[in-house]
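Presented below is the structure to which this report refers.
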Amino acid sequence: MAPMTAPVSSNRPFLNRRLAAFGTTIFAEMSALAARTGSINLGQGFPDTDGPARIAEAASRAVLTGLGNQYPPGPGVPELRAAVAAHQQRFYGLGYDPDSEVLVTAGATEAIAATLLALLEPGDEVIALEPFYDSYAACIAMAGAARVPVTLRPHAGAFTLDLDELRAAVTPRTRLLLLNTPHNPTGTVLTPAELTAIAELAVERDLLVVTDEVYEHLVFEGAHVPLAGLPGMRERTVSISSAGKTFSFTGWKVGWVTSTQALVTAVRTVKQFLTYVSAGPFQYAVAEALRLPDAFFDGLRADLRRKRDLLGDGLRAAGFEVYQPQGTYFITTDITPLGEKDAHAFCRALPERCGVVAIPNSVFYDDKDAGRSQVRFAFCKEDHVLAEATSRLRRLAS
Ligand code: PMP
Ligand code: GLN
């Protein structure tokens, strides 16, 4: 007997048009591939060693003593908001009111989503540096806005921003610049001169700026410079960071936004309907982590700088062209010297060929040709893991 009504799926696809182009994230795809094949996972960016034991103990203490086990306050627990404000003051001399200018989120991911959903109207243009972190494109699409990529291009062994190209990308419809420094996946750190030029452009064209600074403590040469500290920027910048990368607890998903009261209020309005709140006990532990002494932050940076060099040397020896990252814990390479052309095909075959998983940067580009032969490796792994991975990768050249 025929059904009385046609199944709902026959009318149109379930996933709406704004998101139809988005499938499974490359990180999930590649981590599943690593698990399935037992490969070394230098794909998804998570450390293989957890953060400080005393911070893990603070989280377990919070759970056991009932701190944050019930809904924490919407903007985040006061201890964490105070610690975020103190961190911005201590490292950058930036003053934020913990009660009205700091918002705790479910990782930087939610901060990015809530910010873009809050600040954009359908049809607004958003300029983002390409290759871009995958959630940017998805969140811009969710907001019904249009992304306008400005491509970072390899130059003298690293990726650089063409400021003229950036200026030329601004139109009367541009609402917002979405920046990420240190930059995932290229490891580019925008220089003070570039940041100054960007700030001048933002003021001149009256743009909002969202800065994703999750790798703020992983700058290997010089120091991280938050755009919000430049003239004219505090009132138009939403700064985003999170605990995942800095404290090596990527699963805790505690992030934060700092900005003016008006901008934080806008972001909070959206955030309260996404998760409302999250990670109650972890918020207390992250508050403690943000107060760790300078030696912790210096040690993290020194350790990862050493790992960068270890992996970089190994990748060069294996025949890759290596773009030296100035920050983050990723190295972008080019596979052309290995006689390879297509990063996605290369990454799909890599576990079979030598038991290593990496990320094809091509998925982070609108201009697929620009990133077709780029592959990203994460170096937030134990030294022996990096050594074993590069020794396996050396088989590719033979
Ligand atoms: N932005 C960038 C550039 C990232 O690499 C990541 C991954 N950590 C995120 C945002 C998301 O951070 P979180 O895990 O805190 O949501
Ligand atoms: N930020 C991590 C990376 O770039 C991935 C996080 C995620 O899986 N969403 O590898």
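Nothing in this text is a laboratory measurement; each read-out follows from the coordinates by a stated rule. Note that the structure is predicted; figures quoted are calculated from it, not measured. Note that we place each Cβ from the backbone using ideal geometry, even for glycine, and neighbour counts take in every protein chain shown.
Observations, loosely collected:
- With 24 Å as the limit, the listed pairs 307/368; 245/341; 245/381 have 307/368; 245/341 beyond it between alpha carbons.
- Candidates 287, 387, 86, ranked by Gaussian network fluctuation over the chain, Cα under 10 Å, top entry: 387
- Residues 55, 240, sorted so that the one with the fewest Cβ neighbours within 10 Å comes first: 55, 240
- Rounded if a/c under 1.5, otherwise prolate or oblate - segment 89-215, Cα gyration tensor axes: rounded
- Ranked by how many other Cβ atoms sit within 10 Å of their own Cβ, fewest first, the residues 322, 189 fall in the order 322, 189.
- Cα gyration tensor shape of segment 182-331, rounded if a/c is under 1.5, else prolate or oblate by comparing a/b with b/c: oblate
- Amide proton proximity set for residue 174, modelled H, under 5 Å, gap of 5+: 125
- The value for segment 323-398 of Rg(Cα) / (2.2 N^0.38 Å) is 1.08.
- Three-way shape label, segment 5-88, alpha-carbon gyration tensor, a/c 1.5: oblate
- Three semi-axes describe the equivalent ellipsoid of segment 128-203; taken as square roots of 5 times the Cα gyration tensor eigenvalues and ordered largest first, they are 20, 16, 10 Å.
- Vicinal HN-Hα couplings computed from phi for segment 67-77 (Karplus, 6.51 cos²θ - 1.76 cosθ + 1.60; Hz; Gly/Pro x): 8, x, 6, 10, 2, x, x, x, x, x, 5
- Centroid-to-centroid separation of segment 302-320 and segment 161-229 [C-alpha atoms, Å]: 27 Å
- Build a GNM of the chain with springs between Cα atoms under 10 Å apart, and of 21, 59, 349 the one that fluctuates most is 21.
- When each of the peptides 314-320, 190-196 is scored by the mean number of other C-beta atoms lying within 10 Å of its residues, the order from highest to lowest reads 314-320, 190-196.
- Annotation: peptides 389-397, 11-19, ranked by per-residue average of other Cβ atoms within 10 Å with the highest first, follow the order 389-397, 11-19.
- Using the Stokes-Einstein relation with a Kirkwood hydrodynamic radius computed over Cα pairs, the translational diffusion coefficient of the chain at 25 °C and a viscosity of 0.890 mPa s comes to 112 µm²/s.
- In this structure, the amide hydrogen of residue 130, modeled 1.01 Å from its nitrogen in the peptide plane, lies closer than 5 angstrom to those of 150, 151, 152, counting only residues at least 5 positions away or on a different chain.
- Going from the fewest other Cβ atoms within 10 Å to the most, the residues 381, 245, 253 appear in the order 253, 381, 245.
- The GNM of the chain, with springs linking C-alpha atoms under 10 angstrom apart, assigns the highest mean-square fluctuation among 63, 148, 375 to 63.
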